[in-house]
Structures are given as C-alpha cells and as structure tokens.
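The values are calculated or read from the model by the stated rules, or taken from the named source; none is laboratory data. All of these numbers come straight from a predicted model, not from anything done at the bench. Neighbour counts run over all protein chains shown; Cβ positions are idealised from the backbone, glycine included. Keep in mind that these areas ignore ligands, DNA and RNA; they rest on the heavy atoms of the full protein, side chains included. Shrake-Rupley method; radii C 1.70, N 1.55, O 1.52, S 1.80 Å.
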Amino acid sequence: MAHSLESAAANALRLVLERIEVAVHQAGRSSSQVRLVAVSKTKSVSVIKEVYDAGHRHFGENYVQELIDKAPQLSNDIQWHFIGHLQSNKAKNLVANVPNLYMVESVDSTKIANSLDRAVSGLERKSLKVLVQVNTSGEKSKSGVEPSECIELARCWRIAGRKFAQHLVFEKRAVNCQWACLMTSS
C-alpha cells in the first residue's frame, strides 16, 4: 500500500515498527525478540481492521466486555492480549468468549490464577499464556503482586513446557496456563 493511501492507523503502526527496528538495532538485538501489542482500547472495529490489514496480529484490550464484543467481529487469527486488571469472576467469561485469547498480562493473585486455570480447563484449547504483574512502585493505586510474593505466584505455572516446583498455597497447580514473564507496574 502506498504511503499516501495508507490509513492513519496503518501509518502510525508503520512508524512505531520503524522506531522499534532502530531501537533493537542500537541494542544489538533482533526485532524478532520484540513483540508490539497494539492497544485497541476505545478503538472501533474498523480501525482495528485497518491495522490488521497492514499485517499486525497482536492486539490488546483492557476491558473484558469490550474484548468479548470486538473479538467475534474480527479475524480469528488475531492474538488477543488482555491487558487490564482482571476480576476473578470475569475470567471464565473472558476465556469462554474469546477463543483466540493469547495472553492475560495482568495476573496479580492466586485467586485470578486459579480462576483462569479452571476456565481454560473446561475448554479444548491451547494453554493460555500469562504474565504475573508485579507492583514495583509500592503504590496502593497500582495493580500487581508485591515483589516478595511474585515468585510464589509464578511457581504455579508451566514454563516452556516444564512445571515449577510444587506450590503449596494454590488450590491446585495451574496446568492449563503457561507463565510467560513478569510484568512490572511502576
């Protein structure tokens, strides 16, 4: 697509990808080691489709209902990331209604971890990737588990196909979710 005919959303994506390429080159890394998640919060389905048509596949939403409403209107090869604070009572609804949910990036309690695990276990799908959110600032207004508790929370998931050592606090080991990384909220 010629740049003059490119939508504003597709142009913005192209510019961000160019900046990422410069940054990874300066850091001596490969752009394949970086994943851009386009946050589609408050964006219309048509704008998301423009970015999708420009070749992007990873999108993030931070409201459960918005994601549930948008996902069926778009291609099923989009890899959705839930990036907002997830309430445990909404985990089942999210997992059940977004079959191409790729990752939940905001797990900050054993209650949410167990809710996600139960929700995924009832469905025939790949394991769900999760990020443990750590509150490194200590601010009460920020979400995330305390740094001293993050390893214990992370121990319930498989990492790259292996399981962590037994976690004694969890109801059961979350075998239907795969811990991907720690995420900080500072």
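Just name the residue that is most open to solvent (accessible area, probe 1.4 Å) out of those in segment 47-61 that are within 23 Å of L116 (Cα to Cα) and touching a residue at least 24 places away in the same chain (Cβ under 8 Å). Residue satisfying both the conditions and the ranking: H58. Confirm whether K43 is under 29 Å from A91 (Cα atoms), in a loop (DSSP other than H, G, I, E, B) and open to solvent by 40 Å² or more (accessible area, probe 1.4 Å). Yes: the conditions hold for K43.
Among the residues making up segment 71-92, those that are part of a helix (DSSP H, G or I), within 20 Å of E124 (Cβ to Cβ) and open to solvent by 70 Å² or more (accessible area, probe 1.4 Å) are P72, K92.
Screening the candidates S106, S115 for the property of being in contact with a helix residue (DSSP H, G or I) (Cβ under 9 Å, 6 or more places away or on another chain), assigned to a helix (DSSP H, G or I) and open to solvent by less than 40 Å² (accessible area, probe 1.4 Å) yields one hit, S115. If you filter segment 18-40 down to residues that are of a type outside the set (A, V, I, L, M, F, W, C), surrounded by fewer than 15 Cβ atoms within 10 Å (Cβ to Cβ) and not in a helix (DSSP H, G or I), you find that the one that is modelled with the highest pLDDT is G28. Considering only segment 111-121, I want to know if a residue exists there that is in contact with a strand residue (DSSP E or B) (Cβ under 9 Å, 6 or more places away or on another chain) and among the small types (G, A, S). Within segment 111-121, one or more residues are in contact with a strand residue (DSSP E or B) (Cβ under 9 Å, 6 or more places away or on another chain) and among the small types (G, A, S).
Do the conditions hold for S143, that is, is it open to solvent by less than 10 Å² (accessible area, probe 1.4 Å), under 22 Å from K41 (Cβ atoms), of a type in the set (S, T, N, Q) and touching a residue at least 40 places away in the same chain (Cβ under 8 Å)? In short, no.
Kindly indicate whether K126 is surrounded by fewer than 19 Cβ atoms within 10 Å (Cβ to Cβ), within 26 Å of E66 (Cβ to Cβ) and at pLDDT below 85. It is true that K126 is surrounded by fewer than 19 Cβ atoms within 10 Å (Cβ to Cβ), within 26 Å of E66 (Cβ to Cβ) and at pLDDT below 85. Only one of the listed residues (E50, E66) is in contact with a helix residue (DSSP H, G or I) (Cβ under 9 Å, 6 or more places away or on another chain), among the acidic types (D, E) and in a helix (DSSP H, G or I). That residue is E50.
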